[in-house]
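In what follows, a structure is listed as structure tokens, so that the remarks can point back to it.
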């Protein structure tokens, strides 16, 4: 892992004595070595690794807390069955507990989806973007191939588009086309306000992605191109 | 009822087994993946197989296993359990079969009554859909359907939700405390307003028509 702030040497050159906490505890005689700042390749690798770790976090939520809570909901049902005849009050409290477990699970799903959408992990960009389209106000049509891209590119593309869709009103009619251009993931959005292009660039620039805008200042076409590993 | 089960999470598998036992079902066997279930069912017949969607063989072993089961034992009911109620999976499930299939959230089958009702309906050939998902389909239909669905009365919307859960006329009548006759009238009105011409007398086909209507893909087809 690259601990960026400690090693950052871009900007004004620093004197050797000011290197920071690492040099203070060093044994006398052992030279202090300053790590080189991460190069463009390191940064890219770091950002790709971060997307992979988001994917792992989502799976951990699914296999850990979610599974445990679902199992609890079932065990409560068993308990109720065994004592149902004896205690009608308990019946209501168990119903209530099960409803609350369901609510907690819905919240966990919401969090998991913000880390890395399950559909994106399991089924790819097409189904995940259709899901995002269903949840937003606008009318959204998605055309996407079945093939998969790397998780970093899919993640960046998904969040760039989902963020934009979330900002649209019910009158928008958006056509999304996902494609492949010489190994790069290409997502074209037609019928969107081009002012959102800057926000999309924030999401994809970290992976050396680019954004192209066609259509002047109003509603137009935004194309995101993200190189894949 | 004879029930078999495949689920890779040991905790949930145990909980479900206890609940199935409490409900008085015969458990043919429980496995941690789809391939082991296929092996088991080669010698032990069952009425309904309960499948976790996300289990080995990865990534969605439940669906692959279900395809194989449906091909080999066309009469066996299939109940899919998942952490996620997604229309993407619903469509994949309906591709595997449109009779005797169910799709429910894992934590929502946590009572003997609900679990047995779900299993009974599947064994009887019905489609059973998680109410959370049915509700979302009705409240957020795709594209140009939004306006038409919004034109339904509150009561008609309730009936449409219950139809999207796969319920029969009698089932809907029971849930809403009205007569089956009144339900039929609501359904005729709904189909009229939505411009659906499917055969409304047969529950199974009607449910499919409603689901297809709410989910009609205008792209990729």
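FYI, it's all coordinate maths here, none of it is from the lab. Just so you know, these numbers come straight off a predicted model, no measurement behind them. Cβ placement follows ideal geometry from the backbone for every residue including glycine, while neighbour counts extend to all protein chains displayed.
The table that follows gives values for the structure above.
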item: Rounded, prolate or oblate (a/c below 1.5 giving rounded, otherwise prolate when a/b exceeds b/c) for segment B:9-128 by Cα gyration tensor; result: rounded
item: Hypothetical label at residue A:202: residues of segment A:145-178 whose amide nitrogen lies under 12 Å (7 Å Cα-Cβ projection); result: A:160, A:163-164
item: Residue B:193 paired with residue A:91, simple spin-label distance in nm, labels 7 Å along Cα-to-beta-carbon; result: 3.5
item: Radius ratio Rg over Rh of segment B:134-215, counting only Cα atoms, Kirkwood formula for Rh; result: 0.92
item: Percentage relative contact order, segment A:40-116, counting C-alpha pairs under 8 Å, at least six apart; result: 49
item: 0 to 90° range, to nearest 10: angle between helix A:151-166 axis and chain A longest Cα axis; result: 70
item: Extension reserve of the residue B:148-residue B:43 stretch, reckoned as 0.36 nm per residue once the Cα distance is removed; result: 32.8 nm
item: Cβ-based exposure ranking for B:193, B:161, B:181, in which fewest neighbours within 10 Å come first; result: B:181, B:193, B:161
item: Distant alpha-carbon pairs in segment A:189-229 (separation over 12 angstrom), percent; result: 51
item: Quarter of the Cα convex hull surface for the protein assembly as shown, i.e. its orientation-mean projected area (nm²); result: 29.3
item: P(r), alpha carbons of segment A:40-116 - 5 Å bins starting at zero, rounded %; result: 3, 14, 18, 15, 12, 10, 8, 7, 5, 3, 3, 2, 1, 0
item: Max mean-square fluctuation residue, GNM over chain B, Cα-Cα springs under 10 Å, options B:65, B:98, B:179; result: B:179
item: Kirkwood Rh in Å, taken over segment A:154-229 so that all alpha-carbon pairs contribute; result: 12.3
item: Whole-percent pair-distance distribution, where bins are 5 Å wide, for the alpha carbons of chain B; result: 1, 7, 15, 19, 19, 15, 11, 8, 5, 1, 0
item: Residue exposure sequence - B:82, A:93 - by fewest surrounding Cβ within 10 Å; result: A:93, B:82
item: A:32, A:221, B:118 arranged by Cβ crowding within 10 Å, fewest neighbours leading; result: A:32, A:221, B:118
item: Contact order normalised by residue count of chain B, Cα under 8 Å, 6+ apart, percent; result: 14
item: Separation in nanometres of the label points that stand 7 Å from Cα toward Cβ, at residue A:150 and residue A:33; result: 2.7
item: Choice from B:150, B:134, B:66 with maximal GNM fluctuation in chain B (Cα, 10 Å cutoff); result: B:150
item: Calculated FRET value between residue B:72 and residue B:205, using beta carbons and R₀ = 22 Å, to 0.05; result: 0.30
item: Helix axis angle, B:154-164 relative to chain B longest principal axis, alpha carbon, degrees; result: 30
item: Gyration tensor (alpha-carbon) shape descriptor, chain A, a/c threshold 1.5; result: oblate
item: Candidates B:165, B:139, B:44, ranked by Gaussian network fluctuation over chain B, Cα under 10 Å, top entry; result: B:44
item: Whole-number percent relative contact order across chain A, with pairs defined as alpha carbons under 8 Å at least 6 apart; result: 15
item: Convex hull (Cα only) mean projected area of segment A:98-229, reported in nm² to one decimal; result: 8.4
item: Chain B: angle of helix B:112-123 to the longest principal axis, Cα-based, in degrees nearest 10; result: 80
